[in-house]
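Let me begin by presenting the structure, written as structure tokens, before commenting on it.
No value in this document is a laboratory result; all are computed from the given coordinates. Please read all numbers here as calculations on a predicted model, not as lab measurements. Note: ideal-geometry Cβ built from the backbone for every residue, glycine included; neighbour counts use all protein chains shown.
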Amino acid sequence: MDTTVVKPSAENKRWGGGTEPLKTSYGKMMMWFFITSDALTFAGFLAAYGFSRFKFADSWPIADNVFTHVPFIHGNYPMIFVAFMTFILIMSSVTMVLAVDAGHHKNKAKVTLYMFLTILGGLIFVGSQAYEWSTFIKGTYGAVATNGGNILHVMDGNGNQVALKDFAISQGSDREQHISRSGLWFTSETALPSYTFEEVLAGFKANPELVVRTTYTGEDGHKTMLSRSESLRELETKGKTIVEGANLKHNEYGPPLFANYFFFITGFHGFHVSIGIMLNIIIFFNVLIGTYERRGSYEMVEKVGLYWHFVDLVWVFVFTFFYLV
Amino acid sequence: MATDAHKLEIFRGLVKFKSNTQKIWGVLIFLSIVTAIEVVLGIYKPEILMVEVLGMKALNWIFIILTLVKAYYITWDFMHMRDELPSFRRMIVWTGVFLIAYLMFIILQEGGYIEHVFATGFVKTDF
């Protein structure tokens with residue numbers, strides 16, 4: 001028996017006996033393992049996104065046409081806001097690593113300050129993401145969907161997209177939303193678009209400068225624009241419904257899958273950021289009441305810091321594959 | 001970990017810092033520059049970078065490489081991977097790299113194949 005039973009001597013107890021495998025504490029190593037597995041999860045999502053994008057290579061929306069909003073400013077500014085978000089997240093990563101560094105020097109005041117700034121950065125980021133989601137869901141211009149489910153955008157002569165509300169002509173339709181209270185009790189439908197297809201078509205015919213931009217990307221990397229006569233034929237033969245904004249079923253920017261991935265991946269990342277903010281707040285208060293001061297080590301700040309940096313790391317990839325490539 | 005345990009060089013010793021705090025700011029400046037380059041390229045999309053290289057636009061290769069560069073510095077300097085034992089570092093990094101590279105290859109290959117079937121087969125989506 002003596003040969004098979006491990007004796008509880010200090011030599012055999014790895015973390016408990018003063019030696020650390022790979023010179024890493026238990027908590028830190030497990031945080032790294034968690035990060036590896038979480039990285040694989042995000043890689044799976046981004047790979048799935050890449051799959052669908054390769055599959056619908058020619059009809060996938062161009063990010064510059066989709067994410068063009070900046071708060072409080074009207075107009076078309078692609079990339080600016082998301083660059084700001086990226087910078088905020090990198091900045092909060094920096095304050096986090098400064099907090100870890102201050103922890104190594106057992107400088108409680110500095111850890112407190114930097115943890116506070118990190119939480120602030122995280123909150124600004126989540127707020128920005130909420131804005132991004134809300135403008136994406138609301139939509140700006142509206143689009144015509146064809147029988148096959150493709151999206152047609154309406155453009156003016158200068159290549160600027162035109163909102164449906166700016167040219168649709170009322171046709172006196174009295175179609176109302178079917179709600180179960182006033183119709184068949186066992187069924188209902190979602191809110192109707194502000195305009196019917198007939199109203200948009202009538203408006204399109206009345207404005208000779210309007211043309212259609214198809215969902216297909218041409219050789220030059222831009223979506224194909226049709227001539228006026230082609231546009232009219234396209235709308236009359238293929239047009240069916242109106243799409244405003246984006247949800248899981250309809251999407252005015254392109255294939256519904258694009259919106260699904262956007263909600264799912266940025267949503268899952270935003271969820272990670274929210275969890276990170278919560279962990280940071282817990283650590284912040286622990287620092288304030290002196291828990292780590294008494295413990296003699298600020299390693300907890302370091303472990304949560306690893307998680308926070310990981311969230312930043314994931315955003316770097318989301319930024320590239322959703323907004324740049 | 002004491003302060004002197006940090007490795008204070010980046011770019012293979014080209015840039016050396018006096019303290020860990022200084023290194024953090026240095027890496028921030030570097031990451032900001034890389035992000036700024038990405039954003040500027042993303043807005044202007046120079047015509048010269050729109051050529052196909054190895055099945056993808058040169059611009060997209062630049063974006064992906066810059067992203068990996070950023071990921072490297074975040075992991076190595078912000079997450080202190082630079083200061084860990086090489087065995088531990090390899091354990092974490094190579095596991096991810098191998099699995100993700102494999103997954104990406106196999107899934108994107110399949111996506112491209114299905115696109116080919118859609119484009120050349122008898123599937124009509126534009127009507």
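Within a 10 angstrom radius of each residue's Cβ in A:312-325, how many Cβ atoms of other chains show up on average? Whole number is fine.
Counting Cβ atoms of other protein chains within 10 Å of each residue's Cβ and averaging gives 5.
Residue by residue through the stretch A:248-265, what is 3J(HN,Hα) from phi via Karplus (6.51 cos²θ - 1.76 cosθ + 1.60, θ = phi - 60°)? Round to whole Hz and write x for glycine and proline.
Here the 3J(HN,Hα) series is 6, 9, 10, 8, 6, 9, x, x, x, 4, 4, 5, 4, 5, 4, 4, 6, 6 Hz.
Restricting to lysines 8 or more places apart or on different chains, can you count the pairs in the stretch B:1-71 with Cα atoms under 28 Å from each other?
10
Checking the a/c ratio against 1.5 first, then a/b against b/c, what shape does the Cα gyration tensor give for the stretch B:85-127?
Since a/c reaches 1.5 and a/b is larger than b/c, the shape of the stretch B:85-127 is classed as prolate.
Run the quick spin-label model on A:Lys205 and B:Ile33: label points 7 Å from Cα toward the beta carbon, then report their separation in nm to one decimal.
Using points 7 Å along Cα→Cβ, the separation is 6.1 nm.
Go ahead and estimate [θ] at 222 nm for the protein assembly as shown from helices alone: -39,500 (n - 2.57) per DSSP H run with n ≥ 4, summed, over the residue count, rounded to 500. If you can, show how the numbers build up before the last one.
Working: 13 runs with 240 residues, N = 452.
Computed mean residue ellipticity for the protein assembly as shown: -18000 deg cm²/dmol.
Give the peptides A:304-313, A:46-55 in descending order of average Cβ contacts within 10 Å, highest first. Present the calculation step by step, with values, prior to reporting the outcome.
Numbers: A:304-313: 24.6, A:46-55: 19.5.
Highest to lowest by the protection proxy: A:304-313, A:46-55.
Looking at chain B, identify the longest residue range that excludes and avoids all trypsin sites (Lys or Arg not before Pro) in DSSP loops having at most 13 other Cβ atoms within 10 Å.
Details: sites that count: B:Arg12, B:Lys18, B:Lys124.
By the stated rule (loop sites, at most 13 other Cβ atoms within 10 Å), B:19-123.
To the nearest 10 degrees, how steep is helix A:228-238 against the longest Cα principal axis of chain A, on a 0 to 90 scale?
Relative to chain A, helix A:228-238 is tipped by roughly 80 degrees.
Over chain B, what is the relative contact order in percent, taking alpha-carbon pairs closer than 8 angstrom and at least six residues apart?
That works out to 19 percent.
Using only the alpha carbons, work out the radius of gyration and Dmax of the protein assembly as shown in angstrom.
Using the Cα atoms of the protein assembly as shown, the pair Rg, Dmax is 26.6, 96 Å.
Give me a single rounded figure for A:303-311: the average over its residues of other chain Cβ atoms within 10 Å of their Cβ. Working shown, then result.
Values: counts 0, 0, 3, 5, 1, 2, 6, 4, 0.
Taking all residues of A:303-311 together, the mean is 2.
Please compute the modelled spin-label separation between A:Asn76 and A:Asp64, points set 7 Å along Cα→Cβ, answer in nm with one decimal.
So the label points at A:Asp64 and A:Asn76 sit 1.0 nm apart.
Give me a single rounded figure for B:69-82: the average over its residues of other chain Cβ atoms within 10 Å of their Cβ.
If you average over the peptide's residues, the count of other-chain Cβ atoms is 5.
Per-residue HN-Hα couplings for the stretch A:291-303, Karplus 6.51 cos²θ - 1.76 cosθ + 1.60 at θ = phi - 60°, whole Hz, x for Gly and Pro?
4, 7, 4, 6, 6, x, 8, 9, 5, 4, 4, 5, 5
Eigenvalues of the Cα gyration tensor times 5, then square-rooted: what semi-axes does that give for the stretch A:211-325, in whole angstrom, largest first? If you can, show how the numbers build up before the last one.
Working: eigenvalues 505, 43, 13 Å².
One finds semi-axes of 50, 15, 8 Å for the stretch A:211-325.
Which ³J(HN,Hα) values in Hz, rounded to whole numbers, follow from the phi angles of the stretch A:61-72 under the Karplus curve 6.51 cos²θ - 1.76 cosθ + 1.60, where θ = phi - 60° and Gly and Pro get x?
x, 8, 3, 5, 8, 9, 9, 10, 9, 10, x, 6
Calculate the all-directions average of the projected area of the stretch A:28-147's alpha-carbon convex hull, and give it in nm².
Working: hull surface 42.7 nm².
If you wrap the Cα atoms of the stretch A:28-147 in a convex hull and average its projections, you get 10.7 nm².
Helix by helix through chain B, keep the DSSP H runs that span 27 Å or more along the axis on Cα and average at least -0.5 on Kyte-Doolittle, and give those back in order. Display every interim value, and only then the final one.
Values: long enough: B:20-44 (36 Å, 1.43); B:86-120 (49 Å, 0.97).
Taking the DSSP H segments of chain B (at least 27 Å long, mean hydropathy at least -0.5), we get B:20-44, B:86-120.
Specify the angular offset, from 0 to 90 degrees and rounded to the nearest 10, of the alpha carbon long axis of helix A:80-104 from the longest principal axis of the alpha carbons in chain A.
10
How far, in degrees from 0 to 90, does helix A:267-288 lean away from the longest principal axis of the Cα atoms of chain A, to the nearest 10?
Compared with the principal axis, the helix lies near 40 degrees.
Counting alpha carbon pairs within less than 8 Å and at least 6 residues apart, what relative contact order, in whole percent, applies to chain A?
Answer for chain A is 23 percent.
Could you tell me which residue out of A:Leu248, A:Phe285, A:Phe263 lies farthest along the dipole of the stretch A:201-325 toward its positive end? Charges go on the beta carbon: Lys and Arg +1, Asp and Glu -1, centred on the Cα centre.
Towards the positive end, the residue furthest out is A:Leu248.
Quick one: which of A:198-207, A:141-150, A:89-98, A:67-76 comes out on top by average Cβ neighbours within 10 Å, and what's the full order, highest first? Spell out each step's value before the answer.
Values: A:198-207: 18.0, A:141-150: 19.9, A:89-98: 24.8, A:67-76: 12.5.
Packing order, densest peptide first, comes out as A:89-98, A:141-150, A:198-207, A:67-76.
Kindly identify the stretch B:1-115 as rounded, prolate or oblate by the Cα gyration tensor criterion: order the square roots of the eigenvalues as a ≥ b ≥ c, call it rounded if a/c is under 1.5, otherwise compare a/b with b/c, prolate if a/b is larger, else oblate.
Oblate shape, in that a/c is at least 1.5 and b/c is the bigger or equal ratio.
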